[in-house]
Amino acid sequence: MATLLLSAAGSAVGGAIGGSVLGISAATVGQVAGAVAGAVIDSRLFSSGSQPVETGRASNLRIQGSTEGAVMPTTYGRMRVSGQLIWSTKYLEKVTTTSQGGKGGGSSSGQTVREFSYCISIAVAVGEGPIDRIGRIWADGKLLDTQGLTFRVYRGTETQQPDPKIMAVEGSDQVPAYRGTAYVVFEDLPVGQFGDRIPQLNFEVFRAPPELVVIDEEEIGERLSKLVQGVALSPGSGEWALDPQSVRYTFPQGGSQYANVNNSEGRPDVMVALDQLEADLPEADSVNLIVSWFGTDLRVGDCRVEPRVEARDRNSAPNAWSVSGLTSATANLVSRNVDGRPNYGGTPDDGSVIRLIQELNSRGKRVMLYPFLLMDVPQANGLTDPYTGAANQPVFP
């Protein structure tokens, strides 16, 4: 538009002046000058692709500090520990360029968008080693989702080797192994969600307690972790709580969610628990596998013992819930609280129990099936108390 207007205006002004320049009429010169000026204006107004839009570019990047001479914590059992930054790279800037189509979808009049993001590699000390393992990790007080992150845990042994990322950055002959110090290395940690800075990191540190000395005629010393040779695995309720495979619920109204993945590792909860069991109690080779059904009445002659489900308005995949020939459509529901939520988790699926037994056997564990009865007797149940004759039986006896 500006090109047409200014070229016409330039022609009119040149014609009014009259004469010629180098044999070219003043009207023509004015028209060309007006067209050039108008093209510049039009380019600014309508062709913003020539001026890229930048988003997410940081003007000030900060690195979390570390304290010289800070105390090196020594932990036993399970402890949440603040990390100390002991090494970092510079921030790595990544640029993603995209083009948005202009008028009529043509790229020639489109807009170029450059989006900036940042990541950094760091090493964070968590205490004196050797530790057994790292559990959960928190960033700025919130549980960190470690799926997709690349990180390595060094337990703080006297034989650990330098980290390959640190060697690649600093040179292989310039890197200590930090022997005796437990630390975690994050490789290319994205920091956008933390305001383009390293978050305050906390770690759940596990370390077996020191040797427990048992005084007897032979003065035998045993580690506490070696004294436990069997455990009862709970909870015994939850439709898929015992399944070593990931299970998803899908809902008729749309959407889905995991039924048995509630941890930062993105694996079935029972698999994470078994790994922790083997790390913390290596001598525990016997597992009592609790599987809960439900009782309905304290009066034995009126009591039904049955499997129950939490809800019917969802489907599970890759397997459908089934216990003793019942399905989620035919089994009774567990009772609800005042908010409409189930008072109990449902009975574990038969197939999931079998798969877990197979998983435990593959890990060298002996399994004892531990049937457990949960009395689903809610408030205002209207059932006669067999002991007192009152109108309502005790709640969840």
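The values are calculated or read from the model by the stated rules, or taken from the named source; none is laboratory data. None of these values were measured; they are calculated from a predicted model. These accessible areas exclude ligands, DNA and RNA; they are computed on the full protein's heavy atoms, side chains included. Shrake-Rupley method; radii C 1.70, N 1.55, O 1.52, S 1.80 Å.
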Given a 1.4 Å probe, how much area per residue of the stretch 258-371 is accessible, in Å²? 50 Å²
Taking 32 Å as the cut-off for C-alpha to C-alpha distance, list the pairs among LYS94/LYS142; LYS90/LYS142; LYS165/LYS365 that go past it. LYS165/LYS365
Contact order relative to length for the stretch 292-397, counting C-alpha pairs under 8 Å separated by 6 or more residues, stands in percent at 29 percent
